Amino acid sequence: RVLKSKGAEFAHELQADSLKLSGHVVTGKIAQVHDSSVEPLNLELRWFRDAVRGACGIVRLTVDEASPLHRRFRLREGDVVAKEGDLLPDEVLLTEAEGETLLASGATGGCRLTLRHRPFEATFSAGGRVLQRLNARNLMNFERYRSKSQRAHAGLVDATDVDRKDLWEEAFGEHMDSKPKGPAAVGIDVSFESAVAVAGLAEHATKLHLGENAFTEPYRFYNLDVFEYIMDVPMSLYGAVPLVTAVHRGKAGSWASGLFMPNPSEGHVKVDAPGEDGSTSTWWLFESGILDVFMFAGPTPQAVLEQYHTVTGWARMPPISTLGKHQSRWNYVDVADSLAVNGKFDKHDIPYDVLWLDIEHTDGKKYFTWHPTHFSKADELLDGLNASKRKLVTIIDPHIKKDDSYGVFTTLRDSDLFTKTKDGSQYDGWCWPGTSSYADFCNPDMRAQWAKFFAMDYYPHNRKDLYTWNDMNEPSVFNGPEVTMPRDNLHKCHMPSYEVEHRDVHNVYGFYHHMATVQGQLERAPDVRPFVLTRSFFAGSHRHGAVWTGDNQARWDHLARSVPMLLSLCLCGISFSGADVPGFFYDAEPELFRRWHQLGIWYPFYRGHAHLETKRREPWMFGDEVTAMVRDQVSTRYQLIPMWYTLFAQWAFAGLPIMRPLWFHNLGDELAFKHVDDEYLLGEDILVRAVNRPGMKKAEVYLPEGQQWFDFWEAHGGVPQAGGRVIPVQLHDGHIPVYVRSGAIIVKKIRRRRSTGAMAADPYTLVVYGPNASGHVYADDGSSHEHQGGAYVYDALDFDGAVLRGSPARKLPALVEARGLPEAHLRVERAIFIGLPQRPIGAQPQGRSESLLLTVEDAGGAFVATVKKPPLRLGT
């Protein structure tokens with residue numbers, strides 16, 4: 001109705017005389033234009049500086065009822081969004097003008113918010129450029145709580161005046177949602193000015209650029225256990241991060257901004273393709289809660305993520321072992337089977353780090369237990385893995401078998417910590433164990449009790465580094481509406497009683513399950529880094545652990561879409577992510593198996609996993625040729641562990657995504673925007689091109705402009721290719737196309753070991769690409785929290801064409817100053833220089849006369865030089 005009026009009809013106006021300024025906070029009232037009897041809404045605007053540069057760039061806009069009939073749900077401060085006291089306030093200047101109010105940041109960056117009074121509209125700008133317009137199309141909607149007997153509005157107030165269907169109850173097949181509080185939806189339209197691309201909104205199985213998908217339906221946020229999900233639809237999957245990064249383009253260049261709405265109820269976001277005016281229109285709607293909007297000023301994608309992490313917190317640095325290969329199956333049969341798999345990795349000389357046990361390892365799907373016969377000797381398995389310097393993961397889901405002999409169930413029942421039905425009785429649903437009860441993880445008391453189950457004296461066969469897998473935590477309820485929990489179920493959360501409806505918190509159920517499990521590992525062993533993988537997630541899940549893309553299929557389109565899905569997760573702050581290789585459901589044909597492992601070694605989280613009904617698919621099951629290929633590819637992953645660990649540190653402590661779209665570092669590279677669904681950058685220096693169709697013999701690879709690129713697989717680097725163009729590539733059976741940016745220094749450990757733990761004492765190799773290059777390397781003990789006190793090395797490496805230097809790098813924002821590490825494991829054993837324009841005649845330590853062992857090879861127009869045993873140590 002509002003859209004059809006083309007702006008002539010609107011529902012809200014800002015009461016100009018209500019605006020009040022206090023430091024970094026502006027408050028006011030938004031009135032209803034068509035019904036003066038309706039109480040105005042409360043508007044709050046809070047301004048903050050980012051934690052990295054101290055510049056302006058973060059504005060939080062909230063709209064809430066002044067006197068609601070029922071308390072509207074807000075997430076507890078500090079759970080998803082940082083406590084306000086932990087943020088840096090940005091003092092605001094307020095100026096009145098005709099029909100509008102101007103708010104300006106007092107910090108650097110030129111951030112401004114223009115509030116139009118009638119109709120209400122908010123225009124966000126920075127650096128003299130308009131970024132976002134809120135309510136420019138007058139689609140703001142706020143459905144106040146009401147009684148059933150309340151009279152109809154005198155005019156257009158909210159969406160219930162347009163459509164009154166299903167306001168008080170709604171059927172989902174055989175299920176009925178009682179909606180006891182009535183309608184409560186909130187929403188607003190946001191136009192991104194001159195935006196040529198919008199990305200984010202994890203998790204959806206689509207192309208990266210949201211508007212280009214041209215869906216008629218909005219992207220849905222409602223975390224669900226989706227069986228055999230399909231590609232290229234805006235349907236819900238397992239997680240929800242309501243964050244986008246917009247790329248704007250104008251005569252003065254290109255820039256980025258971000259928008260984030262931390263509402264955990266069901267959400268819908270309509271993203272249109274860029275319009276004739278060059279803007280991208282979006283429309284955000286949530287089922288309940290308050291209108292809560294963070295605007296991020298950028299002006300780069302990196303700055304947007306720094307602003308997002310300022311608000312949601314820094315990521316958790318994982319144990320180094322979890323950067324290696326993970327081997328999983330539903331299910332390894334018993335201890336003997338598991339040890340046999342472990343042994344065959346050694347027999348075939350294939351590194352791996354973590355073995356996984358699915359639900360069959362338990363006693364009747366009762367978590368925190370072991371199968372009484374198949375895994376009665378779990379200590380033998382744990383000891384065997386420990387001897388190989390490897391780890392074990394066990395699955396612990398949120399549904400608790402209803403069994404009076406099961407201690408976890410009786411403890412939670414007797415403590416009244418389960419979710420309840422709308423009538424206040426304990427809710428029971430159906431999942432893997434049969435009849436199950438569902439813990440109220442939204443309740444801090446429940447999370448505290450859950451953590452106790454991880455105690456060394458409670459969980460049998462426990463170890464300080466026994467890792468955890470949280471699955472089925474959307475939550476999955478086999479006999480529930482949409483295979484999940486009824487929306488009118490009740491949670492206690494942080495309230496005094498069970499008054500929070502499930503509809504208000506659905507999308508954070510898995511988030512809180514994940515949080516509670518991490519809390520348990522930290523309480524079990526405070527000096528050991530936790531590792532917990534979750535299927536369901538929300539904004540802020542990066543603080544807890546890893547995420548994977550769920551129950552994918554062994555199909556080429558699932559391999560193809562894994563790239564934009566993981567890029568989207570990384571742009572939403574969740575870099576520790578991956579897709580199961582080579583697809584969970586069905587048996588992978590040999591070519592798909594090969595190509596997916598060749599891609600999987602370049603995922604941040606690399607796990608092989610398989611459904612119960614698939615054939616065994618360990619690397620040696622496909623013959624000697626495939627076994628050798630997997631060995632070589634996995635060995636490549638392990639040689640690059642120092643690079644991976646550095647990328648993880650730059651993500652955890654500075655917010656830089658590990659996987660990046662080709663345009664991330666150069667928004668002016670227009671051709672890069674056409675190659676974001678099958679190519680990506682790892683950090684700034686590695687370019688990966690997926691082989692995503694069967695039978696491919698050739699591929700086209702776009703090399704970003706402004707750089708030259710070396711073929712990663714060429715032993716001597718070859719001649720670098722100029723960027724800014726598409727090059728044809730003849731595909732190799734043993735690997736996918738990968739390139740290294742000229743000017744990069746890649747840090748490796750080149751000796752093949754069985755696991756990352758076995759590599760700890762190995763020396764480093766520095767590989768320098770191009771006549772001038774720079775890079776970074778991060779190192780710590782890989783397992784403890786000592787880095788938080790400065791026990792780490794973070795070095796900047798630089799080669800000016802003649803001298804290779806290492807020096808302490810600028811501190812990452814979330815770390816204290818480095819105080820270093822013991823030198824024993826920081827030795828550099830060789831430096832390799834690729835692409836030198838002239839043949840070097842010697843090498844020596846700077847300021848010393850002795851000669852170092854130097855070999856030089858002619859690479860056809862350039863030279864490769866190797867210096868062995870240089871007197872170099874990291875951190876010195």
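Before moving on, here are some points about what is shown:
- Every condition in (1) open to solvent by less than 50 Å² (accessible area, probe 1.4 Å); (2) assigned to a strand (DSSP E or B); (3) among the hydroxyl-bearing types (Ser, Thr, Tyr) holds for residue 352 except the one numbered (2).
- Leading residue by the ranking (nearest to residue 46 (Cα to Cα)) among those in the stretch 280-296 that are open to solvent by less than 10 Å² (accessible area, probe 1.4 Å) and assigned to a loop (DSSP other than H, G, I, E, B): 289
- Condition check for residue 259: out of contact with any Cys (no Cβ under 7 Å at 6 or more places or on another chain), over 20 Å from residue 659 (Cβ atoms) and surrounded by fewer than 23 Cβ atoms within 10 Å (Cβ to Cβ): no
- For the stretch 384-417, the set of residues classified as under 15 Å from residue 438 (Cβ atoms), open to solvent by 40 Å² or more (accessible area, probe 1.4 Å) and part of a loop (DSSP other than H, G, I, E, B) consists of 402, 415, 416, listed by residue number.
- Here is the figure for the stretch 418-430: residues that are out of contact with any Lys or Arg (no Cβ under 7 Å at 6 or more places or on another chain) and free of Cβ contacts under 8 Å to residues at least 60 places away in the same chain total 5.
- Pairs linking a residue in the stretch 84-99 that is at pLDDT 95 or above to a residue that is aromatic (Phe, Trp, Tyr), with Cβ atoms under 8 Å and 6 or more positions apart or on different chains, are 87/48; 88/48; 89/47; 89/48; 90/47; 90/48; 91/47; 92/47.
- Taking first residues from the stretch 615-634 that are more than 15 Å from residue 341 (Cβ to Cβ) and open to solvent by 20 Å² or more (accessible area, probe 1.4 Å) and partners that are part of a loop (DSSP other than H, G, I, E, B) and among the acidic types (Asp, Glu), the Cβ contacts under 8 Å between residues at least 6 apart in sequence or on separate chains come to 631/349.
Conditions tested, residue by residue: (1) open to solvent by 50 Å² or more (accessible area, probe 1.4 Å); (2) in contact with a Gly (Cβ under 8 Å, 6 or more places away or on another chain); (3) under 29 Å from residue 504 (Cα atoms); (4) assigned to a strand (DSSP E or B).
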{"site": "46", "(1), (2), (3), (4)": "yes, no, yes, yes"}
{"site": "63", "(1), (2), (3), (4)": "no, no, yes, yes"}
{"site": "72", "(1), (2), (3), (4)": "no, yes, yes, no"}
{"site": "79", "(1), (2), (3), (4)": "no, yes, yes, no"}
{"site": "85", "(1), (2), (3), (4)": "yes, no, yes, no"}
{"site": "94", "(1), (2), (3), (4)": "yes, no, no, yes"}
{"site": "101", "(1), (2), (3), (4)": "no, no, no, yes"}
{"site": "124", "(1), (2), (3), (4)": "no, no, yes, yes"}
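- Options 835, 770, 782, 775; residue that is in contact with a helix residue (DSSP H, G or I) (Cβ under 7 Å, 6 or more places away or on another chain) and either without any contact (Cβ under 8 Å) to a residue 24 or more places away in the chain or buried (at least 17 other Cβ atoms within 10 Å of the Cβ) (or both): 782
- Selection from the stretch 202-247 of residues that are open to solvent by less than 10 Å² (accessible area, probe 1.4 Å), of a type in the set (A, V, I, L, M, F, W, C) and within 18 Å of the chain's Cα centre (by Cα): 202, 205, 208, 210, 221, 237, 240, 241, 243, 244, 246
- Of residues in the stretch 1-35 being polar (S, T, N, Q) and at pLDDT 95 or above, the one farthest from residue 138 (Cα to Cα): 22
- Hits in the stretch 157-192 - residues which are within 15 Å of residue 10 (Cβ to Cβ) and surrounded by fewer than 19 Cβ atoms within 10 Å (Cβ to Cβ): 161, 162
- Yes/no for residue 854 being modelled with pLDDT of 95 or more and assigned to a loop (DSSP other than H, G, I, E, B): no
- Of all residues in the stretch 145-171, those that are closer than 19 Å to residue 504 by Cβ have Cβ atoms under 9 Å from Cβ atoms of residues that are part of a helix (DSSP H, G or I), 6 or more apart or on another chain, in 146/160; 167/160.
The values are calculated or read from the model by the stated rules, or taken from the named source; none is laboratory data. All of these numbers come straight from a predicted model, not from anything done at the bench. Quick reminder, even Gly has a Cβ in these numbers, built from the backbone with ideal geometry, and neighbours come from all protein chains shown. Ligands, DNA and RNA are excluded from the accessible area calculation, which covers all protein heavy atoms including side chains. Shrake-Rupley method; radii C 1.70, N 1.55, O 1.52, S 1.80 Å.
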